[in-house]
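Chemist: This structure is in structure tokens; I'll ask about it shortly.
The values are calculated or read from the model by the stated rules, or taken from the named source; none is laboratory data. Because the structure is a prediction, the values reported are computed rather than measured. Cβ atoms come from the backbone with ideal geometry, glycine included; neighbour counts cover every protein chain shown.
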């Protein structure tokens, strides 16, 4: 059904919390380089789907494939190392660390200095630190956060915190980035900048983006394809303009249309 | 700025050792046994506070079993010295020069083994318990500390309820502060490195840390094991100073005391831990004149301190030379 090879694929994924069936038989295909939106009313299971793709939850049944390999049972840090990074709906920065250190800590996985080098602050450690600093500053410049470098993350304005979360995710060198409501709480100007950024992630950094968003202007503005979840089931999928007219989607958001003859 | 990091570290270490040796041979005989003992307890408490700060202040893992690791390290190194090393040294004879070399060597071996024993216990306990968070971890480590204590209490080999006596007296002022310096150096360099940033990230938000590729369990266990190692070394130093060990010195109250050092100094500040351990070791001694009011004043000070500065003395910051010397260039 899709032309591009899948980078992320859900196959009949199911997850229940006790009696609550949070995700029911969801199949979703995200092609390499695509920009896909995931929408649905509150409690539809969008974030749960993200949590399954990043190893927070293990599916009860069904499969999750990343670049063709099953990742359903891997731990979050293992999945991140394969190339999936995410941001969080309720910002989860490391508040008592500086902006620079938020980036550098996310790069930790790719540093392999021996412990004795660290303890003796030897030369291999110094070289690694220099490389890390340089690269971290590039990420900050890319997200226009350079002037906040030595500020504690918790002291940043809201919009900058959201951008820092994206910068931190990029610092793990992902192939696929999952953005959980990146526009929440942003004003119109910030949203325009965000949409531009998301497009640049795709065009300049060749990332695949899966985006949860409630703001329809953002979703319709950037996404090439949109999937709709309701009560843990995928009820529709297609191009943005198709989704806007889809009767089941309208029903999920607005309730059933009154009977007209 | 860190081009010659290792060389600079060595230079500072050598200078520090020289100062300690000079102080050890001039100041210590001059001030007499009482003040020497206070100084040695300060040094031991600094090691305990800084090593717990690594676990509690930097990695954010609420452990109240530090006295248990201290006991394990202390008893292990004491047993090694008493049963193996001391008889061995006696075989060499007790000439001035021979004991001047063999005693420090024996102490070093003994402390290292004690530290490793505590670190192994930390590994064994850490792997299952560090999956727990917050209060649950605190209870689990509390239980672990008590188990170690009770097991030792029932081990006749190390004196059991009578206590372990006749441990050789090898701990000196120089040794205590040499190891306190080493502990501070290791923790400081670790924290300033990528390891330290990963640890602090775990403290700040564990789920986010995992989502950014940090193996959170491994880092928590690592902090726990390294902290336990230094607690074991501190226990060994205490054993070879007092020449006597009893499990009553390692109840959970001792663990709480170390937690107080860390919290009062400011979690995440090595300087804070050093200051708090120093002040809170001196304070009960300085208050001896107040007799029965001594512990009341001590406790009241803690309460006032926590009300006025809940983030601790240093509040996560470190001492900078630039505070003393305004012209000193801040890296």
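Chemist: Just checking, how many residues over the stretch B:1-49 are surrounded by 16 or more Cβ atoms within 10 Å (Cβ to Cβ) and either under 21 Å from residue A:123 (Cβ atoms) or within 14 Å of chain A (Cβ to nearest Cβ) (or both)?
Modeler: Count: 4.
Chemist: In the stretch A:32-42, which residues are more than 15 Å from the chain's Cα centre (by Cα) and farther than 16 Å from residue A:215 by Cα?
Modeler: Taking the stretch A:32-42 and keeping what is more than 15 Å from the chain's Cα centre (by Cα), we get A:40-42.
The answer is none; no residue qualifies.
Chemist: Sticking with this one: What do you reckon, is residue A:140 modelled with pLDDT of 95 or more and assigned to a loop (DSSP other than H, G, I, E, B)?
Modeler: Details: modelled with pLDDT of 95 or more: yes; assigned to a loop (DSSP other than H, G, I, E, B): no.
Here the answer is no, as residue A:140 does not meet what is asked.
Chemist: Quickly run through the stretch B:203-217 and pick out the residues that are facing another protein chain (nearest Cβ under 9 Å) and part of a helix (DSSP H, G or I). It would help to see each step written out before you state the result.
Modeler: Of the residues in the stretch B:203-217, the ones facing another protein chain (nearest Cβ under 9 Å) are B:203-205, B:207-217.
Selection gives B:203, B:204, B:207, B:208, B:209, B:210, B:211, B:216, B:217.
Chemist: Please go through the stretch A:84-120 and give me each residue that is part of a loop (DSSP other than H, G, I, E, B), in contact with a strand residue (DSSP E or B) (Cβ under 9 Å, 6 or more places away or on another chain) and facing another protein chain (nearest Cβ under 10 Å), ordered by number.
Modeler: Listed by number, the residues that qualify are A:87, A:88, A:95, A:96, A:97.
Chemist: Taking the stretch B:102-111, which residues are surrounded by fewer than 17 Cβ atoms within 10 Å (Cβ to Cβ) and touching a residue at least 60 places away in the same chain (Cβ under 8 Å)?
Modeler: Step one: list which residues in the stretch B:102-111 are surrounded by fewer than 17 Cβ atoms within 10 Å (Cβ to Cβ), which gives B:104-105, B:108-109.
Result: B:104, single match.
Chemist: Something else: Among the residues of the stretch A:33-66, write down those that are on the phi > 0 side of the Ramachandran plot and either surrounded by fewer than 16 Cβ atoms within 10 Å (Cβ to Cβ) or outside the structural domain of residue A:254 (by TED's automatic domain parsing) (or both).
Modeler: Initially, the stretch A:33-66 is screened for residues on the phi > 0 side of the Ramachandran plot, giving A:33, A:40, A:43, A:45, A:55, A:62.
Hit for the stretch A:33-66 is A:43, nothing else.
Chemist: Among the listed residues B:165, B:171, B:141, which satisfies the condition of being at pLDDT 90 or above and closer than 23 Å to residue B:16 by Cα? Step through it out loud before you land on a result.
Modeler: On the way: B:165 fails: closer than 23 Å to residue B:16 by Cα; B:141 fails: closer than 23 Å to residue B:16 by Cα.
Testing whether each residue is at pLDDT 90 or above and closer than 23 Å to residue B:16 by Cα leaves just B:171.
Chemist: A further question follows. Within the stretch A:165-181, take every residue that is assigned to a loop (DSSP other than H, G, I, E, B) and touching a strand residue (DSSP E or B) at 6+ places or on another chain (Cβ under 7 Å) and give me the one that is farthest from residue A:109 (Cα to Cα). So that I can check it myself, show each step before the final result.
Modeler: Step one: list which residues in the stretch A:165-181 are assigned to a loop (DSSP other than H, G, I, E, B), which gives A:171-175, A:181.
Remaining after also requiring touching a strand residue (DSSP E or B) at 6+ places or on another chain (Cβ under 7 Å): A:172, A:174-175, A:181.
Values: A:172: 8, A:174: 12, A:175: 16, A:181: 26 Å.
Ranking the qualifying residues of the stretch A:165-181, first place goes to A:181.
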